[in-house]
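Novice: Next up is a structure, given as C-alpha cells.
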C-alpha cells in the first residue's frame, strides 16, 4: 500500500517537471515525510485542468458519503477493483497525478511485523514523479463545506516491492513520465496494473 510519501522539492522544480503552475503557491511547503492519515492538502494535477497544480485532501470521500469518516479507509484504491467498490466506482474516470519525490514502505523482519525496516523508494529516472490517483468532490451535508479529495491507486507489487512490502505485496502505481497524460486521459486503468512498472530503487532509512 502507500500511506506515506515525500515531496521535498522546491515549488519551481515541481512546476518545471509537470509544465504546470501552482494554483495556491503560498500554500505549498516541502516535506520530508507526508502521513496520509493526517489528511492534509496535497499537491495533485487533475484531468479537468492539467496545467494547474491543486491541493486536494488525501483520503477520498465519495460524493454520496454522509460524513468524512470514510477517508481513513480510502487513502489507497486497488486498481483491480476500482469499478466494483462503491467508494471508488464513481471516481474511476476522475483521474489525477499525485506528485511525489519518494514514498516510504516498511519491510517486516519477523512474521508479526514487530520489527520493521523502513525504506525510501524512488524511480531511477525521475527525480519528481507522479503516482496514479483518482479524486472526488464532496460537500458536507451539515456545514456545506466543499472538499476535494483523492486516493492513490495501487497494484500488485513488482519484484523489488514484493521483497520490501513482504506482508501484503502491494505498491502504488508509479507512472512513467511519458504516461502521465495517458492516465489523465482516462485510458483503461487496467493498462497501468502490474506488470506495468518503472525501474525503482530503494534505500534503507
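Rule-based calculations on the coordinates, nothing more; no lab input. Remember, predicted model here, so these are calculated numbers, not experimental data.
Novice: Shape of segment 1-82 from its Cα gyration tensor (a ≥ b ≥ c, root eigenvalues): rounded if a/c is under 1.5, otherwise prolate when a/b > b/c, or oblate?
Specialist: Prolate shape, in that a/c is at least 1.5 and a/b is the bigger ratio.
Novice: Please identify, among 116, 52, 169, the residue showing maximal mean-square fluctuation in a Gaussian network model of the chain using a 10 angstrom Cα cutoff.
Specialist: Answer for the Gaussian network model of the chain: 116.
Novice: Test of understanding: in a Gaussian network model of the chain with alpha carbons linked when under 10 Å, which of 107, 180, 13 would top the mean-square fluctuation ranking?
Specialist: Looking only at 107, 180, 13, the largest GNM fluctuation is found for 13.
Novice: Further question: At 222 nm, what helix-only mean residue ellipticity would the chain give, in deg cm²/dmol to the nearest 500, using -39500 (n - 2.57) for each DSSP H run of four or more?
Specialist: Result for the chain: -2000 deg cm²/dmol, rounded to the nearest 500.
Novice: Please state the relative contact order of the chain as a whole percent: Cα pairs under 8 Å, 6+ residues apart?
Specialist: Once normalised by length, the contact order is 23 percent.
Novice: Still on this structure, I have one more. Take the alpha-carbon centre of segment 156-205, take the same for segment 75-124, and report the distance between them in whole Å.
Specialist: Comparing the Cα centres of segment 156-205 and segment 75-124, I get a distance of 9 Å.
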